[in-house]
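**Q** Starting off with a structure, shown below.
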Amino acid sequence: RALNAEALESYVHELFHHNPIRKILLVNPPDVDETLFDYDTAKRGRANNYPAYGLGVIARHLLLNGFEAKICNLNHELLREVATSKGQADFDFNLTWERLLFDTIEEYQPDLIGVTCIFSVTGPSFTSVCRACKEYKPSFLEDGSKIPVAIGGVHVTHDVETIMDDIPEADFAFLNEAELSFLRFLDFVNGDRGLDDIGQLIIRLPSGVEGVRFDKQFIPEKEDLDVIPTYHMMDINTHSQYGTIGSWYGFRYKDTQVATVQSNRGCRAACTFCNVRVFHGKGVRQRTVGSVLDELTLLNEKYGIGHIIWLDDDLLKNENRAIELFNGMVKRNLDMTWDATNGVIAASLNKEVVAAAAASGCIGLNIGIESGNPQILKSIRKPGTPETFLRAAEILQDYPEINTRALLMLGFPNESLRMIFDTIKLSEDMN
(Lines give C-alpha, C1' and ligand atoms only; values in the text may rest on other atoms or scores of the structure.)
Protein backbone atom coordinates (compact mmCIF):
# COMPACT_ATOMS: atom_id res chain seq x y z
CA ARG A 1 0.00 0.00 0.00
CA ALA A 2 2.83 2.38 0.78
CA LEU A 3 4.70 1.95 -2.50
CA ASN A 4 3.60 1.56 -6.09
CA ALA A 5 4.99 -1.28 -8.18
CA GLU A 6 7.73 0.79 -9.79
CA ALA A 7 8.93 2.15 -6.45
CA LEU A 8 8.88 -1.33 -4.91
CA GLU A 9 10.99 -2.77 -7.72
CA SER A 10 13.44 0.09 -7.35
CA TYR A 11 13.66 -0.45 -3.60
CA VAL A 12 14.40 -4.18 -3.96
CA HIS A 13 17.07 -3.53 -6.58
CA GLU A 14 18.66 -0.93 -4.30
CA LEU A 15 18.93 -3.54 -1.56
CA PHE A 16 21.13 -5.54 -3.92
CA HIS A 17 23.00 -2.44 -5.10
CA HIS A 18 21.48 -2.96 -8.58
CA ASN A 19 23.65 -6.04 -9.01
CA PRO A 20 22.40 -9.46 -10.13
CA ILE A 21 22.16 -12.28 -7.60
CA ARG A 22 24.43 -15.23 -8.32
CA LYS A 23 25.67 -16.56 -4.98
CA ILE A 24 23.30 -17.57 -2.18
CA LEU A 25 24.38 -18.61 1.31
CA LEU A 26 21.86 -20.89 3.07
CA VAL A 27 22.15 -20.96 6.87
CA ASN A 28 20.81 -23.43 9.43
CA PRO A 29 21.00 -21.94 12.96
CA PRO A 30 22.04 -23.79 16.12
CA ASP A 31 19.14 -25.90 17.37
CA VAL A 32 18.92 -23.91 20.61
CA ASP A 33 20.36 -20.70 21.99
CA GLU A 34 22.95 -20.35 24.74
CA THR A 35 20.37 -20.60 27.55
CA LEU A 36 19.33 -24.13 26.49
CA PHE A 37 22.61 -25.44 25.11
CA ASP A 38 24.16 -28.17 27.26
CA TYR A 39 27.89 -28.51 26.66
CA ASP A 40 28.22 -31.87 28.43
CA THR A 41 25.42 -33.42 26.35
CA ALA A 42 27.03 -32.10 23.16
CA LYS A 43 30.48 -33.31 24.26
CA ARG A 44 29.07 -36.83 24.66
CA GLY A 45 27.70 -36.65 21.12
CA ARG A 46 24.10 -36.73 22.31
CA ALA A 47 22.83 -33.37 21.03
CA ASN A 48 20.46 -33.39 18.05
CA ASN A 49 22.28 -33.03 14.74
CA TYR A 50 19.84 -33.47 11.89
CA PRO A 51 21.15 -32.67 8.39
CA ALA A 52 19.77 -29.48 6.83
CA TYR A 53 17.75 -31.53 4.34
CA GLY A 54 15.49 -28.70 3.16
CA LEU A 55 18.42 -26.41 2.47
CA GLY A 56 20.01 -29.25 0.50
CA VAL A 57 16.91 -29.46 -1.68
CA ILE A 58 16.85 -25.69 -2.26
CA ALA A 59 20.57 -25.70 -3.03
CA ARG A 60 20.01 -28.40 -5.66
CA HIS A 61 17.29 -26.32 -7.33
CA LEU A 62 19.62 -23.31 -7.31
CA LEU A 63 22.41 -25.25 -8.99
CA LEU A 64 20.02 -26.67 -11.59
CA ASN A 65 18.94 -23.13 -12.47
CA GLY A 66 22.39 -21.60 -12.91
CA PHE A 67 22.96 -20.12 -9.45
CA GLU A 68 25.72 -20.82 -6.95
CA ALA A 69 24.92 -22.02 -3.44
CA LYS A 70 26.63 -22.84 -0.17
CA ILE A 71 25.18 -24.37 3.00
CA CYS A 72 26.34 -23.25 6.43
CA ASN A 73 24.88 -25.64 9.01
CA LEU A 74 25.81 -23.82 12.20
CA ASN A 75 24.33 -26.53 14.43
CA HIS A 76 26.52 -29.21 12.86
CA GLU A 77 29.64 -27.03 12.84
CA LEU A 78 29.06 -25.97 16.44
CA LEU A 79 28.86 -29.60 17.57
CA ARG A 80 32.03 -30.36 15.63
CA GLU A 81 33.76 -27.55 17.54
CA VAL A 82 32.51 -28.98 20.85
CA ALA A 83 33.84 -32.43 19.95
CA THR A 84 37.33 -31.06 19.41
CA SER A 85 37.30 -28.55 22.30
CA LYS A 86 39.39 -29.16 25.42
CA GLY A 87 36.64 -28.31 27.90
CA GLN A 88 33.71 -26.05 28.66
CA ALA A 89 35.97 -23.36 30.09
CA ASP A 90 37.57 -22.92 26.67
CA PHE A 91 34.26 -22.90 24.76
CA ASP A 92 32.08 -19.83 24.16
CA PHE A 93 28.77 -20.72 22.50
CA ASN A 94 27.95 -17.37 20.89
CA LEU A 95 31.47 -16.46 19.88
CA THR A 96 31.89 -19.87 18.26
CA TRP A 97 28.84 -19.78 15.98
CA GLU A 98 29.41 -16.11 15.16
CA ARG A 99 32.99 -16.87 14.09
CA LEU A 100 31.83 -19.81 11.99
CA LEU A 101 29.15 -17.67 10.34
CA PHE A 102 31.32 -14.61 9.69
CA ASP A 103 34.22 -16.67 8.35
CA THR A 104 31.83 -18.34 5.91
CA ILE A 105 30.42 -14.99 4.78
CA GLU A 106 33.90 -13.56 4.21
CA GLU A 107 35.07 -16.64 2.32
CA TYR A 108 31.97 -17.12 0.16
CA GLN A 109 30.96 -13.45 -0.38
CA PRO A 110 27.25 -14.12 -0.98
CA ASP A 111 24.78 -11.78 -2.66
CA LEU A 112 21.93 -12.99 -0.43
CA ILE A 113 21.72 -14.90 2.85
CA GLY A 114 18.77 -17.23 3.51
CA VAL A 115 18.13 -18.48 7.06
CA THR A 116 15.71 -21.31 7.89
CA CYS A 117 13.90 -22.45 11.03
CA ILE A 118 11.72 -25.51 11.62
CA PHE A 119 10.82 -25.60 15.32
CA SER A 120 9.84 -22.82 17.71
CA VAL A 121 12.47 -23.99 20.21
CA THR A 122 15.04 -22.81 17.65
CA GLY A 123 13.31 -19.41 17.42
CA PRO A 124 15.64 -17.44 19.76
CA SER A 125 18.74 -18.89 18.06
CA PHE A 126 17.19 -18.19 14.65
CA THR A 127 16.56 -14.56 15.63
CA SER A 128 20.15 -14.12 16.81
CA VAL A 129 21.57 -15.56 13.59
CA CYS A 130 19.39 -13.30 11.42
CA ARG A 131 20.46 -10.29 13.45
CA ALA A 132 24.13 -11.23 13.15
CA CYS A 133 23.84 -11.72 9.37
CA LYS A 134 22.32 -8.28 8.95
CA GLU A 135 24.55 -6.39 11.35
CA TYR A 136 27.79 -7.87 10.04
CA LYS A 137 29.70 -5.53 7.71
CA PRO A 138 31.63 -7.66 5.22
CA SER A 139 35.05 -6.44 4.15
CA PHE A 140 34.20 -7.10 0.48
CA LEU A 141 31.34 -4.56 0.41
CA GLU A 142 32.05 -0.85 0.17
CA ASP A 143 30.61 1.94 2.33
CA GLY A 144 29.59 -0.40 5.13
CA SER A 145 26.91 -2.02 3.01
CA LYS A 146 25.08 -5.09 4.33
CA ILE A 147 23.89 -8.29 2.73
CA PRO A 148 20.09 -8.73 2.32
CA VAL A 149 18.59 -11.44 4.53
CA ALA A 150 15.70 -13.78 3.66
CA ILE A 151 13.96 -16.10 6.12
CA GLY A 152 11.74 -19.16 5.68
CA GLY A 153 10.73 -22.56 6.99
CA VAL A 154 7.92 -24.06 9.05
CA HIS A 155 8.42 -21.73 12.03
CA VAL A 156 8.26 -18.66 9.80
CA THR A 157 5.23 -19.86 7.84
CA HIS A 158 3.28 -20.69 11.00
CA ASP A 159 3.30 -17.11 12.37
CA VAL A 160 5.01 -14.93 9.79
CA GLU A 161 3.67 -11.53 10.86
CA THR A 162 4.80 -11.94 14.46
CA ILE A 163 8.18 -13.28 13.38
CA MET A 164 8.72 -10.42 10.90
CA ASP A 165 7.96 -8.02 13.78
CA ASP A 166 10.44 -9.85 16.02
CA ILE A 167 13.16 -9.93 13.34
CA PRO A 168 13.36 -6.49 11.70
CA GLU A 169 16.66 -7.61 10.18
CA ALA A 170 14.75 -9.87 7.74
CA ASP A 171 14.22 -8.16 4.39
CA PHE A 172 12.16 -11.00 2.89
CA ALA A 173 10.11 -13.89 4.24
CA PHE A 174 9.27 -16.97 2.15
CA LEU A 175 6.28 -19.11 3.06
CA ASN A 176 5.56 -22.84 2.81
CA GLU A 177 7.74 -24.98 0.52
CA ALA A 178 9.77 -22.20 -1.02
CA GLU A 179 12.15 -23.69 -3.58
CA LEU A 180 10.09 -22.54 -6.59
CA SER A 181 9.01 -19.18 -5.17
CA PHE A 182 12.62 -18.52 -4.15
CA LEU A 183 13.82 -19.12 -7.73
CA ARG A 184 11.13 -16.81 -9.08
CA PHE A 185 12.19 -14.09 -6.67
CA LEU A 186 15.82 -14.39 -7.75
CA ASP A 187 14.70 -14.08 -11.38
CA PHE A 188 12.71 -10.98 -10.41
CA VAL A 189 15.74 -9.33 -8.79
CA ASN A 190 17.82 -10.23 -11.84
CA GLY A 191 15.29 -8.60 -14.17
CA ASP A 192 13.97 -11.81 -15.72
CA ARG A 193 10.48 -11.64 -14.12
CA GLY A 194 7.99 -9.01 -13.02
CA LEU A 195 6.12 -8.52 -9.76
CA ASP A 196 3.19 -10.52 -11.15
CA ASP A 197 5.37 -13.63 -11.33
CA ILE A 198 6.37 -13.87 -7.65
CA GLY A 199 4.52 -15.33 -4.66
CA GLN A 200 4.65 -16.98 -1.23
CA LEU A 201 6.65 -13.95 -0.21
CA ILE A 202 6.63 -10.89 2.03
CA ILE A 203 8.89 -7.95 1.16
CA ARG A 204 9.59 -5.57 4.02
CA LEU A 205 9.11 -1.94 3.03
CA PRO A 206 11.70 0.82 3.60
CA SER A 207 9.79 1.97 6.69
CA GLY A 208 10.78 -1.32 8.32
CA VAL A 209 7.28 -1.61 9.79
CA GLU A 210 5.06 -2.59 6.90
CA GLY A 211 5.46 -5.20 4.21
CA VAL A 212 3.95 -6.23 0.90
CA ARG A 213 2.61 -9.79 0.70
CA PHE A 214 2.51 -11.76 -2.55
CA ASP A 215 0.03 -14.63 -2.19
CA LYS A 216 0.46 -16.57 -5.42
CA GLN A 217 1.29 -20.21 -4.77
CA PHE A 218 4.07 -22.14 -6.48
CA ILE A 219 3.85 -25.59 -4.89
CA PRO A 220 6.46 -28.17 -6.01
CA GLU A 221 4.90 -31.15 -7.78
CA LYS A 222 5.95 -34.15 -9.89
CA GLU A 223 9.43 -33.57 -11.34
CA ASP A 224 9.99 -30.62 -8.95
CA LEU A 225 10.07 -33.16 -6.12
CA ASP A 226 12.49 -35.56 -7.80
CA VAL A 227 15.67 -33.79 -6.72
CA ILE A 228 18.42 -35.17 -4.54
CA PRO A 229 19.86 -32.74 -1.94
CA THR A 230 23.36 -31.40 -2.47
CA TYR A 231 24.98 -33.94 -0.17
CA HIS A 232 28.43 -32.97 -1.43
CA MET A 233 28.09 -29.64 0.40
CA MET A 234 26.38 -31.01 3.53
CA ASP A 235 29.16 -33.11 5.14
CA ILE A 236 26.48 -35.78 5.31
CA ASN A 237 28.60 -38.68 6.54
CA THR A 238 29.74 -37.03 9.79
CA HIS A 239 26.48 -35.79 11.31
CA SER A 240 26.01 -38.83 13.52
CA GLN A 241 29.69 -38.62 14.47
CA TYR A 242 29.16 -35.32 16.30
CA GLY A 243 25.54 -35.72 17.43
CA THR A 244 22.48 -37.92 17.28
CA ILE A 245 19.75 -38.23 14.65
CA GLY A 246 16.48 -39.78 15.79
CA SER A 247 16.10 -42.22 18.66
CA TRP A 248 17.05 -45.58 17.13
CA TYR A 249 20.78 -44.93 16.72
CA GLY A 250 21.50 -47.31 19.60
CA PHE A 251 20.02 -50.24 17.68
CA ARG A 252 22.91 -50.23 15.20
CA TYR A 253 26.62 -50.75 15.74
CA LYS A 254 28.41 -47.74 17.16
CA ASP A 255 29.94 -46.27 14.02
CA THR A 256 26.83 -46.47 11.80
CA GLN A 257 26.40 -43.23 9.87
CA VAL A 258 22.83 -41.89 9.89
CA ALA A 259 21.09 -39.57 7.42
CA THR A 260 17.54 -38.46 6.56
CA VAL A 261 15.45 -38.88 3.41
CA GLN A 262 12.04 -37.56 2.37
CA SER A 263 9.99 -39.55 -0.14
CA ASN A 264 6.78 -37.51 -0.07
CA ARG A 265 5.34 -34.28 1.33
CA GLY A 266 2.12 -33.77 3.24
CA CYS A 267 -0.29 -36.04 5.07
CA ARG A 268 -3.70 -37.53 4.29
CA ALA A 269 -4.87 -36.76 7.83
CA ALA A 270 -6.21 -33.45 9.13
CA CYS A 271 -5.50 -33.80 12.86
CA THR A 272 -6.52 -30.64 14.68
CA PHE A 273 -3.29 -30.36 16.70
CA CYS A 274 -0.93 -30.65 13.71
CA ASN A 275 0.47 -27.94 11.41
CA VAL A 276 1.61 -30.20 8.56
CA ARG A 277 -1.33 -29.03 6.43
CA VAL A 278 -0.58 -25.40 7.28
CA PHE A 279 2.84 -25.83 5.69
CA HIS A 280 2.28 -28.46 2.97
CA GLY A 281 -1.40 -27.94 2.15
CA LYS A 282 -3.95 -30.71 1.71
CA GLY A 283 -3.07 -34.16 0.46
CA VAL A 284 0.22 -35.91 -0.22
CA ARG A 285 2.62 -35.28 -3.14
CA GLN A 286 4.98 -38.12 -3.85
CA ARG A 287 8.37 -38.46 -5.47
CA THR A 288 8.87 -41.24 -7.98
CA VAL A 289 10.11 -44.43 -6.36
CA GLY A 290 13.10 -44.50 -8.69
CA SER A 291 14.22 -41.06 -7.52
CA VAL A 292 14.05 -42.11 -3.87
CA LEU A 293 15.95 -45.33 -4.55
CA ASP A 294 18.63 -43.39 -6.42
CA GLU A 295 19.04 -41.14 -3.37
CA LEU A 296 19.31 -44.10 -1.02
CA THR A 297 21.86 -45.76 -3.30
CA LEU A 298 23.96 -42.57 -3.42
CA LEU A 299 23.90 -42.23 0.37
CA ASN A 300 24.84 -45.86 0.89
CA GLU A 301 27.48 -46.35 -1.79
CA LYS A 302 29.16 -42.93 -1.92
CA TYR A 303 28.77 -41.64 1.64
CA GLY A 304 28.64 -44.87 3.64
CA ILE A 305 25.28 -44.19 5.25
CA GLY A 306 24.04 -47.29 7.09
CA HIS A 307 20.74 -46.05 8.53
CA ILE A 308 18.18 -43.53 7.32
CA ILE A 309 15.27 -41.77 9.01
CA TRP A 310 12.24 -41.05 6.85
CA LEU A 311 11.17 -37.43 7.20
CA ASP A 312 7.75 -38.21 5.69
CA ASP A 313 4.67 -37.32 7.71
CA ASP A 314 2.71 -40.05 5.89
CA LEU A 315 5.26 -42.57 4.62
CA LEU A 316 2.62 -45.24 3.90
CA LYS A 317 0.05 -43.02 2.16
CA ASN A 318 0.01 -45.25 -0.93
CA GLU A 319 0.46 -48.79 0.33
CA ASN A 320 1.36 -50.24 -3.09
CA ARG A 321 3.96 -47.50 -3.57
CA ALA A 322 5.39 -48.18 -0.12
CA ILE A 323 5.73 -51.89 -0.93
CA GLU A 324 7.37 -51.01 -4.27
CA LEU A 325 9.83 -48.73 -2.47
CA PHE A 326 10.71 -51.31 0.19
CA ASN A 327 11.06 -54.10 -2.38
CA GLY A 328 13.28 -51.80 -4.44
CA MET A 329 15.60 -51.37 -1.46
CA VAL A 330 15.92 -55.14 -1.25
CA LYS A 331 16.55 -55.53 -4.99
CA ARG A 332 19.31 -52.92 -4.89
CA ASN A 333 20.90 -54.86 -2.05
CA LEU A 334 21.26 -51.74 0.07
CA ASP A 335 23.06 -52.46 3.31
CA MET A 336 20.86 -50.08 5.28
CA THR A 337 18.34 -50.05 8.08
CA TRP A 338 15.65 -47.43 8.57
CA ASP A 339 13.06 -46.01 10.95
CA ALA A 340 9.97 -43.81 10.74
CA THR A 341 10.45 -41.35 13.59
CA ASN A 342 7.66 -39.00 12.49
CA GLY A 343 5.13 -41.79 12.83
CA VAL A 344 2.97 -43.79 10.44
CA ILE A 345 -0.81 -44.12 10.12
CA ALA A 346 -1.92 -47.42 11.64
CA ALA A 347 -4.57 -48.14 8.99
CA SER A 348 -1.78 -48.76 6.45
CA LEU A 349 0.07 -51.29 8.61
CA ASN A 350 -1.32 -54.37 6.91
CA LYS A 351 0.53 -57.69 6.60
CA GLU A 352 1.98 -56.98 3.15
CA VAL A 353 3.31 -53.52 4.07
CA VAL A 354 4.87 -54.63 7.37
CA ALA A 355 6.48 -57.69 5.76
CA ALA A 356 8.03 -55.54 3.02
CA ALA A 357 9.17 -52.97 5.58
CA ALA A 358 10.89 -55.59 7.70
CA ALA A 359 12.60 -57.15 4.69
CA SER A 360 13.95 -53.76 3.60
CA GLY A 361 15.60 -53.03 6.96
CA CYS A 362 12.96 -51.39 9.15
CA ILE A 363 14.10 -51.47 12.79
CA GLY A 364 11.82 -48.79 14.25
CA LEU A 365 8.31 -47.39 13.84
CA ASN A 366 6.34 -44.77 15.69
CA ILE A 367 2.56 -45.15 15.35
CA GLY A 368 0.52 -41.97 15.59
CA ILE A 369 -2.13 -42.99 18.14
CA GLU A 370 -2.51 -39.95 20.44
CA SER A 371 -5.55 -41.30 22.37
CA GLY A 372 -7.27 -44.57 23.22
CA ASN A 373 -10.65 -42.89 23.64
CA PRO A 374 -13.00 -42.95 20.60
CA GLN A 375 -14.58 -39.62 21.52
CA ILE A 376 -11.22 -37.86 21.72
CA LEU A 377 -10.03 -39.48 18.47
CA LYS A 378 -13.12 -38.19 16.71
CA SER A 379 -12.80 -34.69 18.17
CA ILE A 380 -9.17 -34.35 17.01
CA ARG A 381 -10.03 -35.88 13.61
CA LYS A 382 -7.51 -38.68 14.04
CA PRO A 383 -7.70 -41.22 11.17
CA GLY A 384 -7.95 -44.29 13.36
CA THR A 385 -9.89 -46.10 16.07
CA PRO A 386 -8.78 -48.28 18.97
CA GLU A 387 -9.66 -51.28 16.81
CA THR A 388 -7.38 -50.00 14.03
CA PHE A 389 -4.48 -49.64 16.44
CA LEU A 390 -5.03 -53.10 17.95
CA ARG A 391 -5.02 -54.73 14.48
CA ALA A 392 -1.73 -53.02 13.64
CA ALA A 393 -0.19 -54.13 16.94
CA GLU A 394 -1.26 -57.72 16.31
CA ILE A 395 0.52 -57.73 12.95
CA LEU A 396 3.65 -56.10 14.36
CA GLN A 397 3.93 -58.73 17.11
CA ASP A 398 5.21 -61.10 14.41
CA TYR A 399 8.15 -58.77 13.65
CA PRO A 400 10.18 -58.37 16.86
CA GLU A 401 13.03 -56.88 14.83
CA ILE A 402 10.88 -53.75 14.43
CA ASN A 403 10.97 -51.75 17.66
CA THR A 404 7.48 -50.24 17.73
CA ARG A 405 6.46 -47.28 19.84
CA ALA A 406 3.27 -45.26 20.28
CA LEU A 407 3.01 -41.50 20.02
CA LEU A 408 0.57 -40.49 22.76
CA MET A 409 -0.86 -37.20 23.99
CA LEU A 410 -2.50 -36.40 27.32
CA GLY A 411 -4.50 -33.30 28.17
CA PHE A 412 -6.72 -32.68 25.17
CA PRO A 413 -9.50 -30.09 25.63
CA ASN A 414 -12.39 -31.63 27.61
CA GLU A 415 -10.39 -34.83 28.22
CA SER A 416 -11.33 -36.47 31.52
CA LEU A 417 -9.21 -38.73 33.71
CA ARG A 418 -11.29 -41.70 32.52
CA MET A 419 -10.38 -40.85 28.91
CA ILE A 420 -6.71 -40.72 29.85
CA PHE A 421 -6.99 -44.19 31.37
CA ASP A 422 -8.47 -45.38 28.06
CA THR A 423 -5.20 -44.33 26.41
CA ILE A 424 -3.15 -46.17 29.02
CA LYS A 425 -5.32 -49.27 28.68
CA LEU A 426 -5.00 -49.28 24.87
CA SER A 427 -1.21 -48.99 25.16
CA GLU A 428 -1.13 -51.98 27.50
CA ASP A 429 -3.38 -54.02 25.19
CA MET A 430 -1.11 -53.21 22.24
CA ASN A 431 1.92 -54.27 24.27
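**Q** Treating the angle as unsigned and between 0 and 90°, give the value, to the nearest 10°, between the Cα long axis of helix 5-15 and the longest Cα principal axis of the chain.
**A** Here the helix axis deviates by roughly 90 degrees.
**Q** Any lysines with Cα under 22 Å of the residue 134 Cα? List them, leaving off those in the same chain fewer than 8 positions away.
**A** Partners within reach: 23, 70, 146.
**Q** Using modelled amide H (1.01 Å from N, peptide plane; none on Pro or chain starts), what sits under 5 Å from the amide H of residue 260, excluding residues fewer than 5 places away?
**A** Here the answer is 309, since their amide H atoms fall under 5 Å of that of residue 260.
**Q** Follow-up question, since we're still on this one. If a paramagnetic tag sat 7 Å from the Cα of residue 166 along the Cα-Cβ line, which residues of region 1-43 would have the backbone N under 15 Å from that point?
**A** Answer for this model: 29-36.
**Q** Among the lysines, which have Cα under 19 Å from the Cα of residue 43 when same-chain residues fewer than 8 positions away are ignored?
**A** Of all the lysines, those that pass the test against residue 43 - Cα under 19 Å, at least 8 places apart if same chain - are 86, 254.
**Q** Along the charge dipole of region 356-431, Cβ charges K/R +1 and D/E -1, which of 362, 384, 430 sits furthest on the positive end?
**A** Going by the Cα projections, it comes out as 384.
**Q** Right, next: Provide the per-residue ³J(HN,Hα) series for region 111-117, in order, calculated from phi with Karplus coefficients 6.51, -1.76, 1.60 and θ = phi - 60°, each as a whole number of Hz, with x at glycine and proline positions.
**A** With coefficients 6.51, -1.76 and 1.60, one gets 8, 8, 10, x, 10, 10, 7 Hz.
**Q** Normalised radius of gyration for the chain, please: alpha carbon Rg relative to 2.2 N^0.38 Å, two decimal places.
**A** 1.03
**Q** When DSSP beta bridges are limited to those with both residues in the chain, what percentage is antiparallel, rounded to the nearest 5?
**A** Of those bridges, close to 25 percent are antiparallel.
**Q** A follow-up question, please. Which angle between 0 and 90 degrees, to the nearest 10, do you get for helix 74-84 versus the longest principal axis of the chain when only C-alpha atoms count?
**A** 80
**Q** Okay, next question. Show the residues, 5+ positions off or on another chain, whose built amide H is closer than 5 Å to the amide H of residue 114.
**A** Amide H neighbours of residue 114: 25, 26, 27, 150.
**Q** Okay, next question. Within region 22-116, report the GluC sites (Glu not before Pro) that DSSP leaves as loop and that have at most 16 other Cβ atoms within 10 Å.
**A** Listed in order of number, the matching sites are 34.
**Q** Same structure again: Can you show me the helix-derived [θ] at 222 nm for the chain, built from DSSP H runs with n ≥ 4 at -39,500 (n - 2.57) apiece and divided by the number of residues, rounded to the nearest 500.
**A** Per the formula, -11500 deg cm²/dmol.
**Q** Looking at region 329-431, which GluC sites (Glu not before Pro) are in a loop (DSSP not H, G, I, E or B) and have at most 14 other Cβ atoms within 10 Å? The partial results should precede the final answer.
**A** Values: sites: 352, 370, 387, 394, 401, 415, 428; in loops: 401, 415.
Answer in residue order: 401.
**Q** Follow-up. For region 250-291, which trypsin sites (Lys or Arg not before Pro) are in a loop by DSSP, counting at most 14 other Cβ atoms within 10 Å?
**A** 254, 282
**Q** While we're on this one: I'd like the orientation of helix 53-64 relative to the chain: the angle between its Cα long axis and the longest Cα principal axis, in ° from 0 to 90, rounded to 10.
**A** It is inclined by approximately 50 degrees.
**Q** Compute the orientation-averaged projected area for region 288-353 from the convex hull of its Cα atoms and round it to one decimal in nm². Walk me through the numbers before you get to the answer.
**A** Working: hull surface 17.4 nm².
Convex hull of Cα atoms, orientation-averaged projection: 4.3 nm².
**Q** Applying the Karplus parametrisation 6.51 cos²θ - 1.76 cosθ + 1.60 with θ = phi - 60° to the phi angles of region 19-29, what ³J(HN,Hα) value in whole Hz is obtained for each residue in order, glycine and proline being reported as x?
**A** 9, x, 8, 10, 10, 10, 9, 10, 10, 10, x
**Q** Heavy atoms only, 1.4 Å probe, whole protein assembly: order 145, 10 by accessible area, highest first. Before the final figure, lay out each step's value.
**A** Values: 145 25, 10 50 Å².
These residues rank, largest area first, as 10, 145.
**Q** A follow-up question, please. How big, in percent, is the set of alpha carbon pairs in region 47-201 lying more than 23 Å apart?
**A** So the portion of pairs separated by more than 23 Å is 40 percent.
**Q** Output ³J(HN,Hα) for region 135-148: one whole-Hz value per residue in order, computed from phi by the Karplus curve 6.51 cos²θ - 1.76 cosθ + 1.60 with θ = phi - 60°, and x for Gly and Pro.
**A** Couplings: 7, 5, 10, x, 5, 8, 10, 7, 6, x, 5, 10, 8, x Hz.
**Q** Can you list residues from other chains, or at least 5 along the same chain, whose modelled amide H is less than 5 Å from the amide H of residue 344?
**A** For residue 344, whose amide H was placed from the backbone, the distant partners under 5 Å are 366, 367, 368.
The values are calculated or read from the model by the stated rules, or taken from the named source; none is laboratory data. Because the structure is a prediction, the values reported are computed rather than measured. Cβ atoms come from the backbone with ideal geometry, glycine included; neighbour counts cover every protein chain shown. Accessible surface is based on the protein model in full, side chains and every heavy atom, while ligands, DNA and RNA are left aside. Shrake-Rupley method; radii C 1.70, N 1.55, O 1.52, S 1.80 Å.
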